[in-house]
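*Asks:* Before anything else, here's the structure in question.
Laboratory data are not the source of any read-out in this text; all were calculated from the coordinates shown. Here the structure is a predicted model, which means the values were calculated and not measured. Cβ sites come from the backbone with ideal geometry, for glycine too, and all protein chains shown count toward neighbours.
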Amino acid sequence: MTIHDDENDKKNEKNKENAWAQSIAKLEDIDPPSDLTQRIMSRIKAKATEETPKAKEPLFSGGFKAFIPIAASVVLIIMALPFLFDGLDGFNNKAPSVSPEVQNQTTYSGGTVATQTPETSPYVAQDELDTFFKTWDEELSADEPDNEPLIAYIDSDEPFLYGESDDPLRSLVGF
Amino acid sequence: MTTPLKDKNKEIDWIINTLKGDHKAFQYLVEQYSRLVYNHIYRMSNSPDLADELTQEVFVKIYQKLNTFDQTKPFKPWLLRIASNTTLSAFRKQNKIVSLDALKESGQWKESDPSPDTSDLIEAQLSNEALLKMMNALDIRYRTVLLLRYKEELSYDEISETMNTPINTIRTWLKRGKDALQKEFTKQNKGS
């Protein structure tokens with residue numbers, strides 16, 4: 001194939017392509033249905049009505065209202081939790097969370113108001129407790145036979161009635 | 001015949017007013033472009049009924065998406081993009097789009113053979129209906145790029161954006177589209 005043939009082929013190819021392009025460009029319009037614009041606008045208006053934002057509902061409405069008391073109760077319980085645990089501290093023999101100033105009791109006596117400050121601390125000192133339990137142990141052991149286990153009283157043949165003065169359990173707890 | 005609006009400012013005004021809720025402004029846009037959209041879809045589908053139905057769908061989409069239109073760019077390519085994609089989607093739903101690879105594998109697709117210069121013959125013989133019929137035999141993607149390029153005179157960039165396809169692929173499709181037309185033309189002339 002010569003260069004001349006190549007050029008001719010390219011030219012032919014280009015001509016064909018241009019011919020198709022021109023033919024397509026010359027394609028004639030057909031008339032759309034006369035009521036097309038009207039139908040389009042009807043659909044647009046229907047769509048626009050459909051998509052108009054609805055008025056916003058109040059924040060608390062319908063079924064949500066029922067949840068308000070429940071939610072309020074939950075909030076109250078959560079708020080009360082610290083106080084509840086603070087109260088439970090008493091069971092653990094922990095110091096009350098009341099400040100010493102508040103503990104100073106204000107009393108009314110004979111027309112004058114006097115503030116009494118406790119002379120002693122509300123807390124019992126450890127050494128006092130030790131002394132108390134030591135004395136208690138000594139009193140208990142004085143009533144018991146030496147080296148005799150407590151269970152021996154309970155298992156003894158001597159009849160006794162629960163709560164009577166000779167009830168060993170009564171003497172054990174000290175009242 | 002409807003031609004694209006020459007007064008760009010007027011077109012932009014209609015778009016802005018439509019966005020403000022003015023239905024009358026949108027009606028001007030519909031009157032201006034419904035013929036263009038209808039004919040583009042008709043040429044792509046070769047069906048007046050489908051063109052009628054899809055033209056309405058296209059304008060509903062335009063109305064809904066008008067706020068996304070970049071007003072610094074021309075309106076016509078954006079409009080044709082929605083029209084083309086709506087038609088392609090309709091074809092996909094009807095399973096009318098077959099992959100080119102599948103066509104090649106099944107032997108239904110062959111590159112056209114070199115043939116003598118037929119340009120004079122084309123111009124002399126092809127009527128509107130005959131050309132549309134031939135184009136209807138092409139793959140929808142080739143048909144679409146041929147129409148967008150030569151009928152609607154969009155640039156390669158605009159077609160690439162419209163079809164969401166790289167420019168080089170668009171060039172290839174255009175070439176193949178014209179080759180396919182040539183092949184179809186040859187086949188019909190041999191048959192007659």
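*Asks:* A:ASP29 to A:ALA72: FRET efficiency via 1/(1 + (r/R0)^6), r the Cβ-Cβ distance, R0 51 Å, to the nearest 0.05?
*Replies:* Efficiency computed from Cβ-Cβ geometry: 0.15.
*Asks:* Here is a follow-up. Return the average number of partner chain Cβ atoms within 10 angstrom of each residue Cβ along peptide A:8-16.
*Replies:* Whole-number average of other-chain Cβ neighbours for A:8-16 is 4.
*Asks:* Ok, one more. Under a plain spin-label model, where a point goes 7 Å from the Cα along Cα-to-Cβ, how far apart in nm are B:ASN17 and A:ALA142?
*Replies:* Modelled inter-label distance: 11.4 nm.
*Asks:* Could I ask something else about it? Quick one: 3J(HN,Hα) in Hz for the range B:46-56, Karplus 6.51/-1.76/1.60 with θ = phi - 60°, rounded, Gly and Pro as x.
*Replies:* Whole-Hz 3J(HN,Hα) from phi for the range B:46-56: 6, 9, x, 5, 5, 4, 4, 5, 6, 4, 4.
*Asks:* Ranked by Cβ crowding within 10 angstrom, fewest neighbours first, how are B:GLU158, A:GLU28 ordered?
*Replies:* Exposure proxy ranking, most exposed first: A:GLU28, B:GLU158.
*Asks:* By counting other Cβ atoms within 10 Å of each Cβ, how are B:LEU154, A:LEU27 ranked from fewest to most?
*Replies:* The fewest-first ordering by Cβ neighbours comes to A:LEU27, B:LEU154.
*Asks:* Can you list the HN-Hα couplings for the range B:153-170, worked out from phi with the Karplus curve (6.51, -1.76, 1.60; θ = phi - 60°), rounded to whole Hz and with x for Gly and Pro?
*Replies:* Listing the rounded values in order: 6, 7, 6, 4, 4, 5, 5, 4, 5, 4, 8, 6, 9, x, 4, 4, 5, 4 Hz.
*Asks:* Same structure again: To make sure I understand, if each residue's beta carbon is the centre and we count other beta carbons within 10 Å, what order do B:VAL30, B:VAL58, B:VAL37 fall in, fewest to most?
*Replies:* Lowest count first: B:VAL30, B:VAL58, B:VAL37.
*Asks:* Could you calculate the contour length gain from B:ALA25 to B:ASN46, that is, 0.36 nm times the residue separation minus the distance between their Cα atoms, to one decimal place in nm?
*Replies:* In short, 4.5 nm is gained.
*Asks:* Using a Förster distance of 25 Å, how high is the FRET efficiency between B:LYS61 and B:ASP157, based on the Cβ-Cβ distance and rounded to 0.05?
*Replies:* After rounding, the FRET efficiency stands at 0.65.
*Asks:* May I have the convex hull volume per residue, in Å³, for the Cα set of the range B:6-90?
*Replies:* In the range B:6-90, the Cα hull volume divided by residue count equals 87 Å³.
*Asks:* How much length, in nm to one decimal, is gained on full extension between B:ASN128 and B:LYS93, taken as 0.36 nm per residue of separation minus their Cα-Cα distance?
*Replies:* 9.8 nm
*Asks:* Evaluate peptide B:141-147: per residue, the Cβ atoms of other protein chains within 10 Å of its Cβ; return the mean as an integer.
*Replies:* 1
*Asks:* Let me ask something else. Tell me the label-point distance for the pair A:LYS134, B:THR169, using the 7 Å Cα-to-Cβ offset, in nm and rounded to one decimal.
*Replies:* Each label point is offset 7 Å from its Cα along the Cβ direction, giving 9.7 nm.
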